Amino acid sequence: MSVWKYGDDINTDMLFPGKYTYTCATTDEILPHLMEDLDPEFAKNVHAGDFLFVGKNFGCGSSREQPALGLKAVGIAAVVAKSFSRIFYRAATNQGLLLVECPKAVDAYQEGDTVELEAERGTIRVGDRTFSFPELPERILAIRNAGGLLPYTFKLLEARSAGE
């Protein structure tokens with residue numbers, strides 16, 4: 001597990017360059033360009049289970065789906081931020097990407113610290129300190145656990161069809 005730490009106002013062009021918006025649609029096409037304008041080493045070195053720790057207004061900019069889709073596809077465990085842009089928050093939720101607002105945890109993280117997240121409990125441990133964050137709504141956790149909004153919706157429809 002690695003932690004990637006970045007600052008404030010990381011926009012969607014930094015996460016996925018706009019010049020690829022209409023030429024990259026699949027995750028295989030998106031992944032090589034993920035975060036290339038912010039950190040050219042990210043796509044080469046990110047691993048499933050890694051965390052992003054970021055500043056305020058993460059994901060500001062356009063409403064492109066590719067940044068959230070790419071981060072979910074590489075297996076980012078969670079994006080821990082001081083705050084998220086509204087549009088990115090919705091796109092990431094739709095993909096089932098876990099987003100946590102916890103400014104104190106972001107400030108506390110130092111390179112080499114271990115990170116343990118318990119989303120259902122609303123806690124994140126950074127090094128030897130534990131921080132609380134607002135409890136995630138049950139529906140947001142259900143969407144995440146289902147793997148995104150579409151799988152969640154299909155699961156609901158199947159349950160209704162079965163009479164549950």
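Using a simple spin-label model with points 7 Å from Cα along the Cα→Cβ vector, what separation in nm is obtained for Thr26 and Asp107?
4.6 nm
For Ala78, which sequence-distant residues (separation of 5 or more, or a different chain) have an amide H within less than 5 Å of its own amide H, given hydrogens modelled in the peptide plane?
Leu52
Going by amide H atoms built from the backbone, whose H comes under 5 Å of the H on Lys5, apart from near neighbours?
HN-HN under 5 Å from Lys5: Phe53.
Going out from 0 in 10 Å bins, what whole percent of all Cα-Cα distances in segment 46-115 drops into each bin?
Histogramming segment 46-115 at 10 Å steps yields 21, 54, 23, 1 percent.
With the Cα gyration tensor of the chain giving a ≥ b ≥ c as the square roots of its eigenvalues, does the rule (a/c under 1.5 for rounded; else a/b larger than b/c for prolate; else oblate) give rounded, prolate or oblate?
It comes out oblate by the Cα gyration axes.
Please give the length that would be gained between Ile87 and Leu150 if that part of the chain were fully extended, namely 0.36 nm times their separation in residues minus their C-alpha to C-alpha distance (nm, one decimal).
20.9 nm
Past the 29 Å Cα-Cα mark, which pairs from Lys19/Lys72; Lys19/Lys44; Lys44/Lys82; Lys44/Lys155; Lys5/Lys72; Lys19/Lys155?
Lys44/Lys155; Lys19/Lys155
Modelling each spin label as a point 7 Å along the Cα-to-Cβ direction, I'd like the Asp8/Leu157 distance in nm, to one decimal.
Here the answer is 4.3 nm between the modelled labels.
Computed from the coordinates by the stated procedures, all read-outs in this text should not be read as laboratory data. Nothing here was measured: the structure is a model prediction, and the numbers come from that model. Don't worry about glycine lacking a Cβ; one is built from the backbone with ideal geometry, like all the others, and counts go over all protein chains shown.
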